[in-house]
Amino acid sequence: MTEDPGELSPREATHRFLTRRATEDTESSINTYYYRLKLWFAWCEEQGIEHVSDLTGWSFEQYEVHRASQKNAPRRSITTWTR
């Protein structure tokens, strides 16, 4: 794994986040996080976002619009989590 966090892929950053959370959260919580975050990193990969340093506020806005257009999108927005 890279030493520069900005060089992590969204998938790698997700894995690191879940690994850290696994020591404090229940397995059910980790599974919920994974379900939601796999949608996020899959979208990033579809958009050609290779590194977390490539993400911008606009990226989050575009993802929120994308998820809102999905049939089973959660009512809560990603901006709720990033405030």
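The values are calculated or read from the model by the stated rules, or taken from the named source; none is laboratory data. Note that this is a predicted model, so its numbers are computed, not measured. FYI the Cβ positions are ideal-geometry reconstructions off the backbone, even for glycines, and counts take in every protein chain you see.
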Item to complete: Please determine, by comparing only the residues of segment 41-62 that are in contact with a Ser or Thr (Cβ under 7 Å, 6 or more places away or on another chain) and assigned to a helix (DSSP H, G or I), which one is nearest to PRO5 (Cα to Cα).
Response: PHE41
Discussion item. I'm checking my understanding of the structure. Among residues of segment 12-26 that are part of a loop (DSSP other than H, G, I, E, B) and touching a helix residue (DSSP H, G or I) at 6+ places or on another chain (Cβ under 8 Å), which one is nearest to PHE41 (Cα to Cα)?
Written reply: ALA22
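Among the residues of segment 63-83 satisfying the criterion of being surrounded by 14 or more Cβ atoms within 10 Å (Cβ to Cβ) and in a helix (DSSP H, G or I), which is modelled with the lowest pLDDT?
Initial filter on segment 63-83 (surrounded by 14 or more Cβ atoms within 10 Å (Cβ to Cβ)): 63-64, 66-67, 77-78.
So of that shortlist, the ones also in a helix (DSSP H, G or I) come out as 63-64, 66-67, 78.
Numbers: TYR63: 94, GLU64: 92, HIS66: 93, ARG67: 90, ILE78: 52.
Looking at residues that are surrounded by 14 or more Cβ atoms within 10 Å (Cβ to Cβ) and in a helix (DSSP H, G or I), I get ILE78.
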Practice prompt. Please indicate, with yes or no, whether at least one residue in segment 46-53 is surrounded by fewer than 14 Cβ atoms within 10 Å (Cβ to Cβ), of a type in the set (Val, Ile, Thr) and either over 10 Å from the mean Cα position of the chain (by Cα) or over 23 Å from GLN70 (Cβ atoms) (or both).
Written response: no
Worksheet item: Under 6 Å by Cβ, and 6 or more places apart or on different chains, what pairs join a residue from segment 50-74 that is among the charged types (D, E, K, R) with one that is in a helix (DSSP H, G or I)?
Response: GLU64/ILE78
Discussion item. What pairs come out if I take residues in segment 17-44 that are closer than 15 Å to ARG67 by Cβ and modelled with pLDDT under 95 and pair them with residues that are in a helix (DSSP H, G or I) and among the hydroxyl-bearing types (Ser, Thr, Tyr) whose C-beta lies under 7 Å away, six or more apart or interchain?
Written reply: LEU37/THR14; TRP40/TYR63; PHE41/THR14
